[in-house]
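The values are calculated or read from the model by the stated rules, or taken from the named source; none is laboratory data. The structure displayed is predicted, hence computed values, not measured ones. Ideal geometry is used to build each Cβ from the backbone, glycine not excepted, and the neighbour counts take in all protein chains shown.
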Amino acid sequence: MATITFLGAAQEVTGSCHLLESPGIGRVLIDCGMHQGGDAVERIQDEQFAFDPASIDAVVLSHAHLDHSGLLPRLCHEGFTGPVICTRATAELLEIMLNDSVGLYVRDLERTNIRNARQGRPLLDPIYTMEDVEAVVRQCDGHRYRDTVPLGESASLRFYDAGHILGSAIVEITLREHGEKKVLVFSGDLGKGDSALMNEPTVLDRADVLLVESTYGDRDHRGEEDTEVELRDILRETWQAGGNVMIPAFAVGRTQDLLFHLGCLHYQGELDNWQVFLDSPMAIAVTRVYDRWLKLLDGEDIRHLSDVHKNSLEKFLPTLNLASGTEESMAINRIRSGAIIIAGSGMCTGGRIRHHFKQRIWDRRNTIIFTGYQARGTLGRVIVDGAKTIRMFGEEYVVKARVETLGGLSAHSGQRELLAWVAGFQPQPRTLLVHGEPTAQDVLADRLWQDQKLKVRIPARGDSIVF
Ligand SMILES: [Zn+2]
Ligand SMILES: [Zn+2]
């Protein structure tokens, strides 16, 4: 008998974390993600584990995004010493992501503590440090897709390509107890079928229990080719208005997709004289990791790119400028028009994009292009929802820039793709929806019932099931 307890990404998108327990495998954590939104220091200080980290035997990690991996340093800080089982590309990306995330936290905490000291308040102790990132990296156990990896005494697991970001995986865990075999499949985040850089999510057909993400359970995306046209038109209009474009982008996945599409527009002669800036040391580092794996990624275009551009997305876009240092980043402020600025963070919860907003969000000639999901409570969501003013750095800014969303660049399956992926399982498994906001989950649950007569459960945080 095994139990799964849903500890995060339950009726919400971020904080993915599920605890799998059985006598044969002990206690295995599937993902150890961070919630996103609000003040980073407060949020991180507030996150609490619902278990003793020292009691966890292993972590199985679906992919490197922080909403799936961000609390691993804290887990190690509080006593976890087991393996972090993931794909090899995830292990490479994880080191970059965690170094960046913990580095930001440590700097923010120092600032908060200076303020606390001035106000006579108690100082906060760090809940993790850079040493914990080193521990996570040491504990990483990277595998190839489809390798069979032993888990505890009586189980094994396999990763399958989820097509979401580099290294992203669908996790299949096979438990063998008392002569009985049970299969648990966790979708992780599922990619979009027609993504330029990623493969299609692997279709599996057998599971007893299925946990499936539902981020876009209530809508479909436009195709990626239409999206390139949409991007071209927005750029053209902004160019004619004499403005600049700001693109808050996730360092992993969206940024590389964007560089690829901008490269394609360049070769079609459609990029005017835009200067493109990648203003994120992390995104620059991640793009280099992508370059090393480009040959394994998808599509005719990519194969062409591998030969011609020596496996480099950077070289594919000749007008690309890399801004790794703060001075290079600040120099972008002096450009009056014609700059496309790609900067983190993807949901505008921190990072350099906010500094660019400060310079340009109040000017109607400029455009902001969102390329990914904006979770509730993030600055990105506030802007997408049409706020007339926003607060940043303790001041109010009027939002006059044009705001666009390119849903077609999403890294997630849309509703149609989710339905098709779930339909691949025969006979129907016991299915639970995770990683989605309640509205999207309700719509998807209805569709699964109407189209496939599949009754799903939508667990709340703290719920568990026995199988
Ligand atoms: Zn993800
Ligand atoms: Zn996610």
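Numbers at a glance
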quantity	calculated
Residue list for the range 19-56, filter: within 14 Å of ligand 2 (Cβ to nearest atom) and part of a loop (DSSP other than H, G, I, E, B)	D31, C32, G33, M34, H35, Q36, G37
Close pairs (7 angstrom Cβ cut-off, 6 or more residues apart or separate chains): more than 21 Å from M282 (Cβ to Cβ) in the range 54-78, within 15 Å of ligand 2 (Cβ to nearest atom) and part of a strand (DSSP E or B) anywhere	V60/I30; V60/V171
Residues being more than 16 Å from ligand 1 (Cβ to nearest atom) and within 23 Å of V149 (Cα to Cα) - total across the range 17-58	17
Meets criteria (more than 25 Å from the chain's Cα centre (by Cα), more than 16 Å from ligand 1 (Cβ to nearest atom) and in contact (Cβ under 8 Å) with a residue 24 or more places away in the chain) for D125	no
Check on T87, out of contact with any helix residue (DSSP H, G or I) (no Cβ under 7 Å at 6 or more places or on another chain) and of a type in the set (S, T, N, Q)	yes
In the range 155-197, the residues that are within 16 Å of ligand 1 (Cβ to nearest atom), of a type in the set (D, E) and farther than 13 Å from C86 by Cα	D189
Residue list for the range 330-356, restricted to those being of a type in the set (G, A, S) and within 24 Å of the chain's Cα centre (by Cα)	A343, G344, S345, G346, G350, G351
Index of the failed condition, G408 passing every other in (1) within 27 Å of V382 (Cα to Cα); (2) in a helix (DSSP H, G or I); (3) at pLDDT 95 or above	(3)
Selection within the range 231-258 - within 24 Å of the chain's Cα centre (by Cα), at pLDDT 95 or above and either among the aliphatic types (A, V, I, L, M) or more than 23 Å from T378 (Cβ to Cβ) (or both)	L231, V245, M246, I247
Residues that are hydrophobic (A, V, I, L, M, F, W, C) and in a helix (DSSP H, G or I), drawn from the range 414-463	L418, L419, A420, W421, V422, A423, A440, V443, L444, A445, L448, W449
Residue list for the range 180-234, restricted to those being among the charged types (D, E, K, R) and in a helix (DSSP H, G or I)	E224, E225, D226, E228, E230, R232, D233
Single residue of R144, R158 found to be closer than 20 Å to L93 by Cα and free of Cβ contacts under 8 Å to residues at least 24 places away in the same chain	R158
Subset of the range 55-90 (residues that are touching a strand residue (DSSP E or B) at 6+ places or on another chain (Cβ under 9 Å) and modelled with pLDDT under 95)	D67
S280 vs. criteria touching a strand residue (DSSP E or B) at 6+ places or on another chain (Cβ under 8 Å) and under 19 Å from L66 (Cβ atoms)	yes
Residue pairs meeting the criteria (Cβ under 6 Å; at least 6 apart or on separate chains; first among the polar types (S, T, N, Q), in the range 1-20; second assigned to a strand (DSSP E or B))	T3/E21; T3/S464; T3/V466; T5/L19; T5/S464; S16/G8
Boolean, D147 is surrounded by 17 or more Cβ atoms within 10 Å (Cβ to Cβ), among the acidic types (D, E) and farther than 30 Å from H221 by Cα	no
Some residue of the range 438-457 being within 16 Å of ligand 1 (Cβ to nearest atom) and without any contact (Cβ under 8 Å) to a residue 40 or more places away in the chain	no
Pair list, Cβ under 6 Å, 6 or more apart: the range 205-230 residue at pLDDT 95 or above, other residue of a type in the set (D, E, K, R)	D208/K182; V209/R430; E213/D189
Pairs where the first residue, in the range 231-246, is loosely packed, with under 13 Cβ neighbours inside 10 Å and the second is among the basic types (K, R), C-beta under 6 Å, 6+ apart	G242/R365
Selection from the range 190-213 of residues that are within 15 Å of ligand 2 (Cβ to nearest atom) and either under 25 Å from V286 (Cα atoms) or not aliphatic (A, V, I, L, M) (or both)	L190, G191, K192, M198, P201, E213
Selected residue (criterion: nearest to R365 (Cα to Cα)) from residues of the range 220-269 that are within 16 Å of ligand 2 (Cβ to nearest atom) and among the small types (G, A, S)	A249
The range 425-463: number of residues that are among the aromatic types (F, W, Y) and surrounded by fewer than 18 Cβ atoms within 10 Å (Cβ to Cβ)	1
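Okay, residues lined up against (1) at pLDDT 95 or above; (2) in contact with a Cys (Cβ under 7 Å, 6 or more places away or on another chain); (3) within 16 Å of ligand 2 (Cβ to nearest atom):
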{"position": "L109", "(1), (2), (3)": "no, no, no"}
{"position": "I127", "(1), (2), (3)": "no, no, no"}
{"position": "E131", "(1), (2), (3)": "yes, no, no"}
{"position": "V137", "(1), (2), (3)": "yes, no, no"}
{"position": "V149", "(1), (2), (3)": "yes, no, no"}
{"position": "S156", "(1), (2), (3)": "yes, no, no"}
{"position": "A162", "(1), (2), (3)": "yes, no, yes"}
{"position": "R176", "(1), (2), (3)": "no, no, no"}
{"position": "G188", "(1), (2), (3)": "yes, no, yes"}
